[in-house]
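So the structure is just underneath, and the comments pick up after that.
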Amino acid sequence: MWTLLRWFLFRMDPEAAHAVGVIFLRLRGFFTKGHSKPVRNLHRQIELAGIRLDSPLGVAAGFDKDGKLVLGLHSLGFGFVEVGTVTPLPQYGNPRPRLFRVPEARALINR
């Protein structure tokens, strides 16, 4: 299944593929309502600044700028999600293209 999905996503524009992922995560978050807990591995739990995290893996700022994917990302097993930013006025993003694939490095560049 992943092979077919990957084939499909990698033929899309990177920003369109990102939009598909956002839709998936919003749906997953809606249906789990945060109650669907990922499989817990007690050996992976950590405590950071007095807060117990289920996983040391997290999502850095920039992926979920609007804070709409927190439940979906948590249900995938991330221990924390850094959300959004605060600005006095709305700011426009960079012009397209902003995302570039680097297949030989299995990487994505976000500008």
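With the structure loaded, tell me whether Val83 is within 20 Å of the chain's Cα centre (by Cα), at pLDDT 80 or above and among the hydrophobic types (A, V, I, L, M, F, W, C) or whether it fails that test. Give the derivation first.
Working: within 20 Å of the chain's Cα centre (by Cα): yes; at pLDDT 80 or above: yes; among the hydrophobic types (A, V, I, L, M, F, W, C): yes.
Yes.
Hey, does the range 35-43 have a residue that's modelled with pLDDT of 80 or more, surrounded by 11 or more Cβ atoms within 10 Å (Cβ to Cβ) and in a loop (DSSP other than H, G, I, E, B)? Don't jump to the end; show me each part of the working.
Going residue by residue through the range 35-43, those that are modelled with pLDDT of 80 or more are none.
Checked the range 35-43: no residue is modelled with pLDDT of 80 or more, surrounded by 11 or more Cβ atoms within 10 Å (Cβ to Cβ) and in a loop (DSSP other than H, G, I, E, B).
Is one or more of the residues making up the range 58-66 at pLDDT 85 or above and open to solvent by less than 40 Å² (accessible area, probe 1.4 Å)?
As a first pass, look at the range 58-66 and keep what is at pLDDT 85 or above: 58-59.
Next, only the ones that are open to solvent by less than 40 Å² (accessible area, probe 1.4 Å) stay: 58-59.
Yes - at least one qualifying residue is present in the range 58-66.
What's the total number of residues in the range 58-111 that are among the β-branched types (Val, Ile, Thr), in contact (Cβ under 8 Å) with a residue 24 or more places away in the chain and either under 19 Å from Arg6 (Cβ atoms) or part of a loop (DSSP other than H, G, I, E, B) (or both)? Show your work before the answer.
Taking the range 58-111 as the starting set, the residues that turn out to be among the β-branched types (Val, Ile, Thr) are 59, 70, 81, 83, 85-87, 102, 109.
From what is left, the residues that are in contact (Cβ under 8 Å) with a residue 24 or more places away in the chain are 70, 85.
In the following step, the residues that additionally are either under 19 Å from Arg6 (Cβ atoms) or part of a loop (DSSP other than H, G, I, E, B) (or both) were identified as 85.
Counting residues in the range 58-111 that are among the β-branched types (Val, Ile, Thr), in contact (Cβ under 8 Å) with a residue 24 or more places away in the chain and either under 19 Å from Arg6 (Cβ atoms) or part of a loop (DSSP other than H, G, I, E, B) (or both) gives 1.
Name the residues in the range 54-109 that are within 26 Å of Leu27 (Cα to Cα) and basic (Lys, Arg), would you?
Listed by number, the residues that qualify are Lys65, Lys68, Arg98, Arg101.
Filter the range 85-110 down to the residues that are charged (D, E, K, R) and open to solvent by 100 Å² or more (accessible area, probe 1.4 Å), then identify the one that is farthest from Glu15 (Cα to Cα). Quick ask: steps written out before the conclusion?
Initial filter on the range 85-110 (charged (D, E, K, R)): 96, 98, 101, 104, 106.
Okay, now just the ones that are also open to solvent by 100 Å² or more (accessible area, probe 1.4 Å), so 96, 104, 106.
Details: Arg96: 9, Glu104: 19, Arg106: 16 Å.
Here the residue is Glu104.
The values are calculated or read from the model by the stated rules, or taken from the named source; none is laboratory data. Computed from a prediction, not measured in an experiment: that's the story for all the values here. A quick note on method: Cβ atoms are made from the backbone with ideal geometry, for glycine too, and the neighbour counts reach across all protein chains shown. Protein only, heavy atoms only, side chains kept; ligands, DNA and RNA dropped before computing areas. Shrake-Rupley method; radii C 1.70, N 1.55, O 1.52, S 1.80 Å.
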